[in-house]
Amino acid sequence: MREAFERNGIRGVLHRPAEPSGDGLVLTHGAGSDHRSPLLAAVAKAFEDAGCLVLRFDLPFRRERPNGPPHPAGAARDRAGVAEAVSLLRPLGCARVFAGGHSYGARQTAMAAAQSPALAESLLLLSYPLHPPGKPQQLRTAFFSQLRTPALLVHGAADPFGTLDELRAALSLIPASTRLLAIPSAGHDLKAIVRQPETVTEAFRRFIPPHHGAAL
């Protein structure tokens with residue numbers, strides 16, 4: 001069941017599962033989108049079907065402007081928005097809360113977790129933007145050595161923001177447990193996942209440990 005959600009400055013859609021597992025997921029968007037993106041909607045529905053309470057939400061920069069990319073100066077507020085979304089989901093019957101995002105949302109979610117290791121139990125990072133297209137020397141990995149939260153990364157083999165080999169090499173910098181789910185022929189938008197979102201749900205379920213005998 002889906003319902004509009006707006007509280008403490010957080011705006012989006014809340015997915016309530018018919019049979020809750022006790023797990024929750026906050027999920028946010030990339031630089032050119034919002035919580036209504038087809039990718040987020042598909043992934044959120046798949047997690048809802050698996051028993052997870054899901055909040056897909058807008059980052060602060062998108063609440064301020066309906067269009068346009070985020071400003072670098074506002075990145076800290078976007079990370080604070082991720083933390084606020086997690087704090088709102090925890091009281092809603094979630095024993096565990098996971099945090100995830102697509103592209104810019106994935107980067108800010110991972111950075112928020114590096115700054116606050118207790119933020120979430122695990123991360124779901126869709127199309128992590130390892131570097132700007134065509135600029136592999138400008139790696140966005142400075143915080144990787146501080147990331148202590150387990151992370152599943154979902155990445156297209158044709159993503160211009162980083163090749164699979166580049167991403168595998170970068171993951172060696174993260175001291176936490178990581179896993180890479182490669183999507184053949186997919187680009188940065190992960191359209192293949194929109195058609196088969198259960199691919200992500202199943203991979204995430206295998207990645208995270210069971211919780212008191214019941215997992216996602």
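We did not get these values from a lab; they are worked out from the coordinates using the rules stated. Values in this document were obtained by computation on a predicted structure and should not be read as measured data. Positions of Cβ are backbone-derived with ideal geometry, glycine not excepted, and every protein chain shown enters the neighbour counts.
From its DSSP helices (H runs of at least four residues, each -39,500 (n - 2.57)), the chain gives a residue-normalised ellipticity at 222 nm of -9000 deg cm²/dmol.
The modelled label-to-label distance between Ala95 and Gln146, using points 7 Å beyond Cα along the C-beta direction, is 3.2 nm. Under the simplified labelling scheme, the Ala4-Arg16 pair shows an inter-label distance of 1.6 nm, with each label point 7 Å from Cα along Cα→Cβ. Pull out a ≥ b ≥ c, the square roots of the eigenvalues of the alpha-carbon gyration tensor of the stretch 1-100, then state rounded if a/c is under 1.5, prolate if not and a/b is larger than b/c, and oblate in the remaining case. Cα axes put the stretch 1-100 in the prolate bin.
Working note: Cα atoms of the chain, range along each principal axis, descending, whole Å: 45, 39, 33. Restricted to Cα atoms, the stretch 58-109 shows a radius of gyration and a Dmax of 11.9, 36 angstrom. Placing R0 at 35 angstrom, the Cβ-Cβ distance between His71 and Ala169 gives a FRET efficiency of 0.75 after rounding to 0.05.
Using packing as a proxy for protection, rank 23-31, 72-80 so that the peptide with the highest average count of other Cβ atoms within 10 Å comes first. Intermediate values should be presented prior to the final figure.
Details: 23-31: 27.0, 72-80: 15.2.
Final packing ranking: 23-31, 72-80.
Scaling against 2.2 N^0.38 Å puts the C-alpha radius of gyration of the stretch 119-216 at 1.10. Mean silhouette area of the stretch 57-170, derived from the convex hull of its C-alpha atoms and averaged over all directions, reads 7.6 nm². Residues Met1, Met111 in ascending order of nearby Cβ atoms (within 10 Å, fewest first): Met1, Met111.
Contact order, relative form, for the chain: 19 percent (alpha carbon pairs under 8 Å, 6 or more residues apart, mean separation divided by residue count). The stretch 35-63 and the stretch 170-204 have Cα centres separated by 16 Å.
Give the order of Ser185, Ser33, Ser87 when sorted by the count of other beta carbons within 10 angstrom, beginning with the fewest.
Ser185, Ser87, Ser33
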